[in-house]
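The values are calculated or read from the model by the stated rules, or taken from the named source; none is laboratory data. Everything quoted here is computed from the prediction, not taken from an experiment. Glycine also receives a Cβ, built like all others from the backbone with ideal geometry; neighbour counts cover every protein chain displayed. Areas reflect the complete protein model, heavy atoms only, side chains present, ligands, DNA and RNA absent. Shrake-Rupley method; radii C 1.70, N 1.55, O 1.52, S 1.80 Å.
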Amino acid sequence: KVLRGTDTDDLVGQMVETLKNASQIDAVLADLIALVRVSRVPLGFLAGVMNRGYATLVIQRAMGVLVAGSPEDAEHEIETCAAREHFNREVVVDASAVVTLTGLSDPNSLTGQYLSLVTPPAAMLGLHRSAFDVRGLAGSPGSMRWDTERDSIAITELSDEEFKRLYDRSERVQNYTDRVQVRAVTDRTALPELVKEREHAEWVDVLHLAHEGQLPIWSDDLGLRRIARELG
């Protein structure tokens, strides 16, 4: 956003007003973020609401550590059994799975158990978008927000080390996409209420593709897996 003012005080005033308005939006998102953190809502849904890339959000660790496994023993057992039952079959992967795979020293020991990894076009575009998002941070000093508790501007710096981590991870994701096949989605009846919300296509089409082909989903987002099971 470009600000224009008559003098420095005017520009600062505009900046403060902009940040205050953004903080009100953040407050509205607080309940949604809480649901994402306990895996009741997919991380991709939050990304769509914030108009950010799902893959980018995972690479940036925007929600902190990504806990892929369920804390509930019964649910964990169901998912472990499902993974075994679908050995030697195609699986649909989402951004969280691809990002995790690029962090392993030997992902082939896992991916080799399956015939192939497929993903919808929207998810592949999201993986590629992450590289552009990260490169756009080059030279950025960080981000600003309005701290309502201190009633002042708060600055979060983007260190050289963190930028290098983001850049290296996004490059590894780009290199890994060659191993993932893109499969078109023709049936979008699993979540019809979100079909027209294209900002959610990056994760919703993963569900549609799996539903259409009756394929299992490989995702490190527990919230997404829970919705997938509800949809059968």
Hydrodynamic radius by Kirkwood, which averages 1/r over all alpha carbon pairs of the range 137-188, in angstrom: 14.5
Rounded to 5, percent antiparallel among DSSP beta bridges of the chain: 45
Highest-MSF residue in the chain out of LEU166, LEU110, LEU137 [GNM, Cα springs under 10 Å]: LEU110
Those GluC sites (Glu not before Pro) in the range 129-161 that DSSP places in a loop and that have at most 12 other beta carbons within 10 Å: GLU149
Estimated [θ] at 222 nm from DSSP helical runs (n ≥ 4, -39500 (n - 2.57)) normalised by residues in the chain, nearest 500: -16000 deg cm²/dmol
Cα shape, the range 61-127, gyration tensor, a/c 1.5 rule: oblate
Portion, in percent, of the accessible area of the chain that falls on carbon or sulfur, probe 1.4 Å: 53
Estimated D of the range 118-232 in µm² per second, where Rh is the Kirkwood radius over Cα pairs and Stokes-Einstein applies at 25 °C, 0.890 mPa s: 148
Note, ³J(HN,Hα) from phi for the range 145-154, Karplus 6.51, -1.76, 1.60, rounded to Hz, x at Gly and Pro: 8, 9, 8, 5, 6, 8, 6, 7, 6, 10
Cα gyration tensor category, rounded, prolate or oblate, for the range 1-104 with a/c compared to 1.5: prolate
At 0.692 mPa s and 37 °C, Stokes diffusion of the chain via Kirkwood alpha-carbon radius, µm² per second: 170
Sequence-distant residues sharing a close amide H with SER116 (under 5 Å, placed H): GLU90, VAL91
Qualifying lysines (Cα of each under 19 Å from Cα of LYS1; at least 8 residues distant if same chain): LYS20
Potential lengthening between VAL16 and LYS164 on full extension [0.36 nm per residue; Cα-Cα distance subtracted]: 50.3 nm
Solvent-accessible area per residue for the range 106-228 (1.4 angstrom probe, square angstrom): 54
